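Asks: First the structure, then my questions, so here it is.
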Amino acid sequence: MIFALKCVVTFLVVSNVNGRGVNGGFSCAACTIVSGIADQLAQIHNETFLAASLRLCEMLPFAVKEYCITVIKTLEPLLINPKFSAVFTPDVFCYGIDVCYLDPGQSYCHLFSKPEANFRNTVQKMKNLVWTSYIRSGLKQDKLHEHLQHVDFDVCSIPAIHEICEMFNRTWAQIRPAFDVDGDWFSIVHAARGTFWRGRDCYDWDSDFYPGRQPFMGDVTADYNCNGIWGVDPATGKPWEDILCKNFDSRGIIYVGDSVGAHFHFPEPWINPLLMSEETFHNYTEPLLNEMSWPHLGFATGFMNTTEPLLIKGVTDSLYLKLRSRNRCNHRDYQNLSRNGASSYDGMTYIESLARNKSHDKPVLVLYGMYGNDVCNRFSNSIPHMTSPSALHKNVMNVLNVLNGLLPFGSHVILIGLVDGGFIYPTMANRIHPLGQLHGDIHYDDVYTWFNCMEMGPCSAWMNSNVTLRKLATLRAQELSVVLRNIAAREKFTAFSLHFLDNPVQKVMWDWKKLGKPMWQLLDPVDSLHPSQMAHPLIAKVMWDDIMRNFPEALGDENPNNQRIEKLFGDQGGY
């Protein structure tokens, strides 16, 4: 149970959460959400809080289930105390067992309804109940703290989870595949920065084979660039690569971005007690290893439709698919270097993980789209923590100068303006959050207020009832977009042409509204900050249309041989 909701909080904040927040931070938030879910399951199934907690444990995969049950058994003396329900709320419970605590200068934070009595006094009653419950069970007072330490046990030490944590940390830090036999930064495994993020390696035991390289001697004997086109036309004796691709300006796509580009999405059935079941938790490892992102379904590099309709629904279209449709010689030539929580300060980390060789590879279209984290942060005094225009200019120029030394000649780079998130609060504030659907008692505004109190929210400025703060955040986003526009207009590079593109989200949202459809449908239902799966194909279309209208040369030629390629090579090896 604790594991499941630790994962919730880890990825809701879309950033590295170590040391994040106040009043217990990450652990406090996890405890609060877990306890709230267990309490609602108890009401749904008309059972005790203890029974509902064990029910939630039973939904989890085996190794996690055993750990979860151990945690619940540790808490059992408290949970079975007949006075427990009289003082229980999820927030009071977590403060009462000291997973949450009051940092100096802070106030109590609560997500669920406050108790009728004074919050501080109710927390103290819960603390007293903890002591009396365990003393009655025979535990000595000096052993109580040691006993309750199991409640905040490090889940990454569980054997079945340890490997996932290690792999996650490795791929998160390096933005490279965890499984890569030949070290060319392309893989044959989907998850952990594998083929969901970069084109599939067709020969993972030989680093001379990888997506995006120029064909080797026409790829007569093998498919060196992994685009599924190789061999010789028996009628002419010429390589198929030369006949079908050579004169049509094929290129790949690399997207450098934040959680929007990565397509962050937290499945609603993992947090809404009305939707929870053992089936919804059956495949938790893949989403976790993908950092709770779904790039294979997103607007940037998506290439397949969902195979997990319980977790994410909707069709897929992307810039990559459109580029591939324009020229099927571009098959598999994509890289998604986005990461949750990224800002312009992380740009050099991305460039270090970019797999492109200046002399051996094809030109490429690079899109740089840090949508919001140069404005968004978790702090209550949000403004001083926003990126300044001068800092953004320096960060982006550092990236562009390095790209100039890496990218093959004839490449293109597009800088994308920042999103204006000012529409999020008015759109979502009064709607019911999935965690509150059972009773209709938790609105998105309650979640935003709690996040901001805990200093754990993904964007305190825009997810805030303070209109002035939201306007200041929008102003900063506009200032930073002007910086990007000016860089594109004034700077020249030898390896690539530089362009600017307005952020597509605004147009997608307003076009949707003009159709008479509610904008909330295009926002992720759990965090309400990121575009939903429904929005991603719309974002891809707006961006593609803008590029076609303003600088179509960035997309390369439309290949007249596409139908012939499909007839000769079918799905070109798939993905």
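Asks: Tell me, what is the percent relative contact order of the chain, built from C-alpha pairs under 8 Å that lie six or more residues apart?
Replies: In percent, rounded to a whole number, it is 15.
Asks: Oh, and also: Per residue, how much accessible area does the stretch 382-471 show when a 1.4 Å probe rolls over the protein heavy atoms, in square angstrom? Don't skip to the end; give the middle numbers.
Replies: Details: 3160 Å² over 90 residues.
I get 35 Å² per residue for the stretch 382-471.
Asks: On average, how much accessible surface per residue is there in the stretch 37-95, in Å², for a 1.4 Å probe, leaving out ligands, DNA and RNA?
Replies: Dividing the accessible area of the stretch 37-95 by its residue count gives 39 Å².
Asks: Still on this structure, I have one more. Please report, in debye to the nearest 20, how large the charge dipole of the chain is about its Cα centre when each Lys and Arg carries +1 at its beta carbon and each Asp and Glu carries -1 there.
Replies: The dipole magnitude comes to about 1200 debye.
Asks: Multiply the residue gap between ALA86 and GLU66 by 0.36 nm, knock off their C-alpha separation, and tell me the result in nm, one decimal place.
Replies: My answer for the length gained is 4.3 nm.
Asks: Could I ask something else about it? Bins of 10 Å, beginning at zero and ending with the bin holding the largest distance: percent of Cα pairs per bin for the stretch 316-434, please.
Replies: Per 10 Å bin, starting at 0, the Cα pair percentages come out as 11, 34, 31, 18, 6, 0.
Asks: Could you state the number of Å between the C-alpha centres of the stretch 493-532 and the stretch 382-407?
Replies: So the two Cα centres are separated by 22 Å.
Asks: Roughly how many nanometres apart are two label points built 7 Å out from the Cα toward the Cβ at SER107 and ASN283?
Replies: 4.5 nm
Asks: With a cut-off of 8 Å between alpha carbons and a minimum separation of six or more residues, what is the relative contact order of the stretch 415-463 in percent?
Replies: 33 percent
Asks: Once the principal axes of the Cα atoms of the stretch 468-575 are found, what is the range along each, listed largest first in whole angstroms?
Replies: 60, 39, 26
Asks: Please report, to two decimal places, log10 I(q)/I(0) for the chain at q = 0.11 Å⁻¹ as given by the Debye formula with identical point scatterers on the Cα atoms and no solvent.
Replies: Rounded to two decimals, the profile gives -1.00.
Asks: Before I look further, what does the stretch 300-342 give for accessible area per residue, probe 1.4 Å, in whole square angstrom?
Replies: That works out to 29 Å² per residue.
Asks: Right, here's the next one. Under a Cβ-only charge scheme (Lys and Arg +1, Asp and Glu -1), can you give me the dipole magnitude of the stretch 468-575 about the Cα centre, in debye to the nearest 20?
Replies: It works out to roughly 480 debye.
Asks: Something else about it: Along Cα→Cβ, 7 Å out, is where each label goes; now give me the distance between the ones at LEU275 and SER137 in nm to one decimal.
Replies: 3.4 nm
Asks: For the stretch 520-575, what is the largest minus smallest coordinate of the Cα atoms on each principal axis, given in angstrom and ordered from greatest to least?
Replies: That works out to 45, 31, 13 Å along the principal axes.
Asks: Give the calculated FRET efficiency between ALA391 and ASN118 to the nearest 0.05, with a Förster radius of 41 Å applied to their Cβ-Cβ distance.
Replies: 0.35
Asks: Using a cut-off of under 20 Å, list every residue of the stretch 249-265 whose amide N is near the label point 7 Å from the Cα of GLU491 along the Cα-to-beta-carbon line.
Replies: 254-258
Asks: Shifting gears a bit: Leaving ligands and nucleic acids out of the surface, order ASP511, ASP258 by accessible area at 1.4 Å, largest first.
Replies: These residues rank, largest area first, as ASP511, ASP258.
Asks: Now, a different point. Sketch the reach of a paramagnetic label on ASP571 as a point 7 Å from Cα along Cα-to-Cβ, and name the residues of the stretch 319-338 whose backbone nitrogen lies under 18 Å away.
Replies: The answer is 321-322, 324-325, 328-334, whose backbone nitrogens lie closer than 18 Å to the label point.
Asks: Tell me the chymotrypsin sites (Phe, Trp or Tyr not before Pro) within the stretch 316-410 that lie in a loop according to DSSP and have at most 13 other beta-carbon atoms within 10 Å.
Replies: PHE409
Asks: Moving on to the next point. Using the beta-carbon distance between TRP205 and ASN381 and R0 = 51 Å, what value does 1/(1 + (r/R0)^6) give for FRET efficiency, to the nearest 0.05?
Replies: The computed FRET efficiency comes out at 0.45.
Asks: Carbon and sulfur atoms: what percent of the 1.4 Å accessible area of the stretch 178-261 do they account for?
Replies: Numbers: 1820 of 3190 Å².
Of the solvent-accessible surface of the stretch 178-261, carbon and sulfur hold 57 percent.
Asks: If each residue of separation counts as 0.36 nm, what is the full-extension length gain between VAL482 and ALA173 once their alpha-carbon separation is subtracted?
Replies: Using 0.36 nm per residue and subtracting the Cα-Cα distance, I get 108.2 nm.
Asks: Treating only the Cβ of Lys, Arg, Asp and Glu as charged (+1, +1, -1, -1), what charge dipole size does the stretch 299-401 show about its Cα centre? Round to the nearest 20 debye.
Replies: Taking the Cα centre of the stretch 299-401 as origin, the dipole is about 340 debye.
The values are calculated or read from the model by the stated rules, or taken from the named source; none is laboratory data. All values derive from a computational prediction rather than experimental measurement. Glycine also receives a Cβ, built like all others from the backbone with ideal geometry; neighbour counts cover every protein chain displayed. SASA here: full protein model, heavy atoms, side chains in, ligands and nucleic acids out. Shrake-Rupley method; radii C 1.70, N 1.55, O 1.52, S 1.80 Å.
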